[in-house]
Structure formats: C-alpha cells, structure tokens
Amino acid sequence: MKAVLLEGFGGLEVMKIGEVAIPQPGEGQVLVKVMATSINRPDLVQREGKYPPPPGDSEILGLEVAGVIEELGPGVTGWQKGERVMSLVGGGAYAEYAVAYASHLMSIPDSMSFEEAACVCESSITAFSNIFMIGGLKDNNTVIIHGGGGGVNTAGVQLCKALVPATKIIVTAAPEKIDRVKQLGADLVINFRETPDFSEIVKEFTNKKGVDVILDHVGAKYLAPNMNSLGYAGRLVIIGIISGIKAELNLALMMVKRQQIIGSVLRSRPVKDKGEIVAEFTKTALPKFADRTIVPIIEKVFPLDQVVEAHRMMEEDRHFGKIVLKIGA
C-alpha cells in the first residue's frame, strides 16, 4: 500500500511517499480502507522525533481515519465489511489502509462526507472528553478555550454551543482569527498577542466570579493567568505544553478556592479507556454531527502526495479548523 514514510526525524523534508505492506488486524481490530485523514499537531511533533507512538501502534503518522471496513479481525462482532466508519488510531492513518480497534469505531452518518468524518475523532473527541467528561462543564457555566483557530479549539466551541447552549464561551485567539472565532459563537474573544495575561479581562467579564473550566494546550506560560481566571472549584485541564513544562503555582490560592489542575493525554490511554470515551461521544455528541448542528470546519483538503504542503500550512498556522488528507477515491 501507499503511505507517508519518514526518512529519519526532522523537518518537512523527511516525509516521503513510499510502499509498505498492508497491516493485518489483530484480536478485536478491523482493517480500514482509508478514504481520508487529517493533520494534527502531534503529527508534527512525532515527525520531529519527540512524540513516539504507543507500544504496538504503527510508526506511520496519523491519529484518525475515515473509510470503509475492509476486513474483520478475530473476535470482532457488530461490524460488517463495507461499513463506513471513522476511528481513533494510535498511528498509521497516513496510508491507504490502517488497523483500528473495533471498540474505537463510529459509524459515519449518512449526512457526512469522508473528509468531514476525518475531522471528528482526534479533535472533537479530545475537546469533548476534556471539556465535558474530565472538566465537568455544565449548562450556565463559563469556559475558556485557548487557541481559537485550531482543530481541537474550534471543535470545542462548536460542542459547547450544541450541548450546553447557555454556557458562556471565552476564547483566546490570534488577531487574524478573532472575527472567525466570534462567528463560530464565542461570547468573548481575547487577542492573546496583545494580552498575554488575560485574567483581568476574564474577571471583568465574569463579574469577578471566574470561570468553571479551562481547556489549555499552552502550559507553563499560562499557568498563572489560568489559575487567576478560575473561579471557586474551577477545573484547569491541561492537554499541551507548547510554552514549557515548569511554572510557579500559588498553592495557597488553589487550596482556598478548591481549584483542580488535571493533566490529560488521549493517545496513550489504554484501549478500554478510549473505547469508553468513544462510546460516550457516540451517544452524546455524534447525533449533533448527524443532524448537521455541528459541521466540521475544513480549511483545505490536500491529496496524500501533498502531505508536505499540508504540514507546512499547519506549521505556519495558516489554518482555521482542520487540514484534511484525501487518500481513497
């Protein structure tokens, strides 16, 4: 099969299109003929040699697939060859075929294209699991979602609007993306380049109450303003550390305000845990995609042989929403 292969680790130049053997599904897995996948920030980090796949998963890049079941592995029931599915994968999505656990599959609604389905699993499930399942966001709460133009963050805004419509949404975004974030439904958008310490604006917006949940991928640089923005019993969910891993924390303030800091990674979770997350997403959020309440935001669709240009677009932060790779016909 055709796949994107790495000739070492590093920049865009290490990615090449090559031929490798089609993987075989193991116990509880299926083989998916991949029609589309998407680019995610961890793909770039893995390409640089800083984010290896979990043991046993494919070394090929790519964390989500949309396609058609080609073959059922041993012990798989409830699925049939030819079904349109989308799934999380630990790796292997930048290829014509990939293996996925049956417990991680979701049926693609008839209303969705393969390109749209390729946007759902990694970004939307990451946003859903961290904002709702871990962060415990409820209607009439207030949430901060950092980095308003990325796939996880745009999905987070869409999910909040669809599932908890009375919730107030605050987003930090680059100036060139502020208008699009507002159009998406955010109640307040803060220019993070002009206001690196956003906590005073948040306090004013919330009448000094603070927010209930923060979804953060920035890390060290934002720890202090995040904690200052949290209200009593607020939850900070950290899913990334692009600004560093070490920062000072006022433990006394955290204790008095009963705040929680929660670290979260999706890729390395046990198969069973990811299956439970997928099941909850399927029940709670997927109907909103099926009825087009939520429509994945696609910046551009690239053919597989233009993977370098797709990565360059993400590296240069020229996207809003998702960047898709079209693989199958």
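The values are calculated or read from the model by the stated rules, or taken from the named source; none is laboratory data. These figures come from a predicted structure and were not determined experimentally. Reconstructed Cβ throughout: ideal geometry from the backbone, glycine too, with neighbour counts over all protein chains shown.
So here's what we get for this one:
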| quantity | calculated |
| --- | --- |
| Members of segment 160-180 that are assigned to a helix (DSSP H, G or I) and either buried (at least 24 other Cβ atoms within 10 Å of the Cβ) or small (G, A, S) (or both) | C160, A162 |
| Test: residue in segment 126-148 that is at pLDDT below 95 and under 21 Å from K300 (Cα atoms) | yes |
| Filtered residues of segment 1-59 (kept if assigned to a helix (DSSP H, G or I) and of a type in the set (A, V, I, L, M, F, W, C)) | L12, V14, L44, V45 |
| Which numbered condition A100 fails, given (1) surrounded by fewer than 23 Cβ atoms within 10 Å (Cβ to Cβ); (2) among the hydrophobic types (A, V, I, L, M, F, W, C); (3) under 27 Å from K283 (Cβ atoms) | (1) |
| Residue count for segment 31-71, restricted to those that are more than 29 Å from E316 (Cβ to Cβ), surrounded by 18 or more Cβ atoms within 10 Å (Cβ to Cβ) and either under 19 Å from the mean Cα position of the chain (by Cα) or not charged (D, E, K, R) (or both) | 3 |
| Some residue of segment 30-43 being modelled with pLDDT of 95 or more and farther than 18 Å from C121 by Cβ | no |
| Selected residue [over 29 Å from G10 (Cα atoms) and assigned by TED's automatic domain parsing to the domain that holds K322] from V45, V30, V34 | V30 |
| Restricting segment 300-312 to residues that are in contact (Cβ under 8 Å) with a residue 40 or more places away in the chain and among the hydrophobic types (A, V, I, L, M, F, W, C), the residue that is nearest to I39 (Cα to Cα) | A310 |
| Criterion: surrounded by fewer than 22 Cβ atoms within 10 Å (Cβ to Cβ) and in the same structural domain as F198 (by TED's automatic domain parsing) - qualifying residue of G136, G150 | G136 |
| Test for G240: is it surrounded by 13 or more Cβ atoms within 10 Å (Cβ to Cβ) and modelled with pLDDT under 95 | yes |
| Residue that is nearest to L5 (Cα to Cα) [pool: residues in segment 304-329 that are surrounded by fewer than 19 Cβ atoms within 10 Å (Cβ to Cβ) and among the small types (G, A, S)] | G328 |
| Test: residue in segment 9-25 that is under 21 Å from E70 (Cβ atoms), touching a strand residue (DSSP E or B) at 6+ places or on another chain (Cβ under 6 Å) and crowded, with 20+ Cβ neighbours inside 10 Å | yes |
| Residue satisfying all of: in segment 262-280; crowded, with 17+ Cβ neighbours inside 10 Å and of a type in the set (A, V, I, L, M, F, W, C); nearest to G90 (Cα to Cα) among these | L266 |
| Filter result for the condition that a residue is over 24 Å from N153 (Cα atoms) and free of Cβ contacts under 8 Å to residues at least 60 places away in the same chain, over K33, K16 | K16 |
| Condition check for R193: assigned to a loop (DSSP other than H, G, I, E, B), at pLDDT below 95 and among the basic types (K, R) | yes |
| The listed residue being surrounded by fewer than 18 Cβ atoms within 10 Å (Cβ to Cβ), at pLDDT 95 or above and assigned by TED's automatic domain parsing to the domain that holds A220, out of K283, K257 | K257 |
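A quick yes/no check of all residues on (1) of a type in the set (S, T, N, Q); (2) touching a strand residue (DSSP E or B) at 6+ places or on another chain (Cβ under 7 Å); (3) under 25 Å from T293 (Cβ atoms):
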| site | (1), (2), (3) |
| --- | --- |
| G67 | no, yes, yes |
| G73 | no, yes, no |
| G78 | no, no, no |
| R84 | no, yes, yes |
| A93 | no, yes, no |
| H104 | no, yes, yes |
